[in-house]
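The values are calculated or read from the model by the stated rules, or taken from the named source; none is laboratory data. Predicted model, so just to flag it, every value in this text is computed and none were measured. Side chains are part of the model used for accessible areas, which takes the heavy atoms of the whole protein and leaves out ligands, DNA and RNA. Shrake-Rupley method; radii C 1.70, N 1.55, O 1.52, S 1.80 Å.
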Amino acid sequence: MDQIQELLQISAQLYKHLTQLPADKERDAYIQKMDDYLDKRGIIIDELKKLDANPIIGHPFEKQLRELDKGIIERLKKAKAEIAQDMKNLQKSKTSERRYVDPYASVRVMDGTYFDGRK
């Protein structure tokens, strides 16, 4: 199979994979599969970069590859934003749980302490 066709095929699979965002329980498998697609795609792109001339320019699949690339970038940004928001919510829930368990942890009271001001 031609490398450009293989790049197009893997890009299309990645684009399709990124269309549906997973439930919380399936997120690890989703991220792993996304990472695998990105690795495969990166290997092919690195091999194409080693060539003297860029074989993508002027190729019949150039337009499709560029459109897929734009869509992949947009969807990766959305997935990243969703994961970052989930991490922020998790950190917030951990903080509120700590406050519930020990509500006086942040209070600094010096009751019953004597400070001698003389030297």
**Message:** Criterion first (outside any loop (DSSP other than H, G, I, E, B), open to solvent by less than 60 Å² (accessible area, probe 1.4 Å), of a type outside the set (F, W, Y) and at pLDDT 85 or above) does I72 satisfy it?
**Reply:** yes
**Message:** I need a count of the residues in segment 8-22 that are under 19 Å from I45 (Cα atoms), of a type in the set (A, V, I, L, M) and under 17 Å from the mean Cα position of the chain (by Cα).
**Reply:** 1
**Message:** I'd like to check something: does segment 38-56 contain any residue that is under 21 Å from E82 (Cα atoms), of a type outside the set (A, V, I, L, M) and open to solvent by 60 Å² or more (accessible area, probe 1.4 Å)?
**Reply:** no
